1. Taking the stated definitions as given, is Val335 closer than 24 Å to Tyr251 by Cα and either surrounded by fewer than 22 Cβ atoms within 10 Å (Cβ to Cβ) or touching a helix residue (DSSP H, G or I) at 6+ places or on another chain (Cβ under 6 Å) (or both)?
2. Taking the range 377-396 only, how many residues are modelled with pLDDT of 85 or more and either surrounded by 13 or more Cβ atoms within 10 Å (Cβ to Cβ) or among the small types (Gly, Ala, Ser) (or both)?
3. Show the residue pairs that are 6+ apart or on different chains and have beta-carbon atoms under 7 Å apart, the first residue being within the range 63-76 and closer than 20 Å to Asn134 by Cβ, the second being of a type in the set (Lys, Arg).
4. Which residue out of Asp329, Asp305 is within 10 Å of the chain's Cα centre (by Cα) and either under 22 Å from Thr387 (Cβ atoms) or surrounded by fewer than 19 Cβ atoms within 10 Å (Cβ to Cβ) (or both)?
5. Kindly indicate whether Ala493 is in contact with a Ser or Thr (Cβ under 6 Å, 6 or more places away or on another chain), surrounded by 14 or more Cβ atoms within 10 Å (Cβ to Cβ) and either at pLDDT 95 or above or assigned to a loop (DSSP other than H, G, I, E, B) (or both).
6. Among the candidates Ser124, Ser164, which residue alone is surrounded by 16 or more Cβ atoms within 10 Å (Cβ to Cβ), in a strand (DSSP E or B) and either small (Gly, Ala, Ser) or at pLDDT 90 or above (or both)?
7. Taking the range 227-275, which residues are surrounded by fewer than 17 Cβ atoms within 10 Å (Cβ to Cβ) and hydroxyl-bearing (Ser, Thr, Tyr)?
8. Can you tell me which residue in the range 127-161 is modelled with the lowest pLDDT, limited to those that are closer than 18 Å to Tyr238 by Cα and aromatic (Phe, Trp, Tyr)?
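The values are calculated or read from the model by the stated rules, or taken from the named source; none is laboratory data. Quick caveat, the model's predicted, so the values are computed rather than measured. Every residue, glycine among them, receives a Cβ derived from its backbone with ideal geometry; neighbour counts consider all protein chains shown.
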Amino acid sequence: MKSRIFLLLVFLGISSVVSEAAQIMYERKYDPNKLVLHTLQNAARAKYGTEYKISFHIMDSLIANSVPDEITDPYGTLTGCILFQAWNKSQEKNDAKDSVVTGMFKNGQIIWDDYPGTKADFASALFVTKDINNDGEVDIIQLENDFILRTKQGEGISYLWILSWNGKRGKIINEIDPITRQSMIVVSDVCDLVDFNGDGIMEIRGTIENVWQEYFPNLKPHTLPFITYGWNDSKYGYYSSIHQIAGDEFYPANLLNVSVCCDVTIHNNSYTYKYTWTNKSSSKQGINDIYICGLEDTSSNFAPDGWEATTSRYLGGRAFFSTTGDPWDAIRPGVTLAGFATISSAIPTIAKYYVQGWRESTSGGVNDNERRSDILTNSVTGYTLGTTDTAKQVSAKIFLDTLLSYTRQSVTLGWLKSKRDDDREGDERSDDGIVRNIEKRIEKAKKELVKGDSVKARQELEKLVKKVEKLYKRTGESEKEKHGNETVISSEAYALLKYNAEYLIDRLPREKGRKKGEKEK
């Protein structure tokens, strides 16, 4: 989930400047009798000297009272721990500390520290604790204001520090300037934690305005004022290998491996298209946006709870969106979700789909053309069933060519398997496979139409419908008995062939020479 760092941080419902004064308030809130303070002071002064001052975080209290997904303990290694800072009062100069010892206190003793310390200052309100580099250790992240530079320019500048903790020892994992001993992760406004490429390792994306180039001449990405810091398998910092995310750039949304099943039924001359989506376990994102191309019409669209169903102004056809913006409400890897549906009077056709994964919000796409381009180029695609525009009248012969094309495309898409047909009937005397026998029915119907015999053409199509229904029934029985190798026709191929054939049958005369609708004598 995206995490926002503000220089004015809202923490535990209290708005406060990130400063030592704010932290003292939290100390008092969770340690009203100063028992923790006195215990820590005694331990620190016994180890470092009597002139040392203390500030601390009772991690159990912060975790229990944090907003979701901010102060977390993913591996249970922060339980019972108190993160503390100790510094010599004589080293305080102009609101800055020359060196600060960071340590962990647990069960009445200091179990780790980085004495003699660094410039890191974890004393004020923490930003986040989570595993940001996916290494199995919790990372404690803090923004430290540089109040001296702030007073010079009137704008804030902050250093981001990252302490990795495994339950026994800690280590700073951000690059540190060897001369100033300050963190080399510098931001002047806000920061995001983002997983740009979906590999489970987060990047740190912030801004650094031009006014700060005098002080940080090495931080000059082409994306200014935006700057992205990343992980190099050892430290977080500004590296040439890290992709710099521009201000108007769309984040990747195609880190998915998905499949869909479409089941179509008919009732009162309306077709109900039911979609079930599966996000395979190999995906790196949750499914968040679904587009199914097809007819732009007034169809009724439905979606499961937490999703919106509508018509897409970008591609036409159907569109389904997760509405909360929370990655946990997207279809997560390894999860299947049904309940997506369209009710339409239009018959099925093969339609392309575009699926996009959940990603951090982005400023990319200021107009519909940019958004449309992002969908077309930054998604995973495939085919399912959509709606055909039957308002465009075509001849029966052209319609049969389309039906033949559907058959062959179904084979290519894996919806129809070409195997030996052991259920031949009538004039089927060859050892042709199922697909070839279906093709022959359609070809015979077309030949009869060419000869002007619509009755025989109709009969061939009726045989085709019975054939498809029998194959689908056999497939259902095989799947019920878990004999997957017997599956020969999917719900998509069944709907394409059956409903398109029936649509044409209904428009062909029942008797030779009689026009549709003409009464029998």
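1. Against the criterion (closer than 24 Å to Tyr251 by Cα and either surrounded by fewer than 22 Cβ atoms within 10 Å (Cβ to Cβ) or touching a helix residue (DSSP H, G or I) at 6+ places or on another chain (Cβ under 6 Å) (or both)), Val335 qualifies.
2. Initial filter on the range 377-396 (modelled with pLDDT of 85 or more): 377-388, 395-396.
Subsequent filtering for residues that are either surrounded by 13 or more Cβ atoms within 10 Å (Cβ to Cβ) or among the small types (Gly, Ala, Ser) (or both) retains 378-388, 395-396.
Adding up the residues that qualify gives 13.
3. Thr72/Lys130; Pro74/Lys130
4. Details: Asp305 fails: within 10 Å of the chain's Cα centre (by Cα).
Only one candidate qualifies: Asp329.
5. Details: in contact with a Ser or Thr (Cβ under 6 Å, 6 or more places away or on another chain): yes; surrounded by 14 or more Cβ atoms within 10 Å (Cβ to Cβ): yes; either at pLDDT 95 or above or assigned to a loop (DSSP other than H, G, I, E, B) (or both): yes.
Here the answer is yes, as Ala493 does meet what is asked.
6. Details: Ser124 fails: in a strand (DSSP E or B).
Among Ser124, Ser164, only Ser164 is surrounded by 16 or more Cβ atoms within 10 Å (Cβ to Cβ), in a strand (DSSP E or B) and either small (Gly, Ala, Ser) or at pLDDT 90 or above (or both).
7. Across the range 227-275, the qualifying residues are Ser234, Tyr239, Ser240, Ser241, Ser259, Thr265, Ser270, Thr272.
8. Step by step, filter the range 127-161, then rank; the result is Tyr159.
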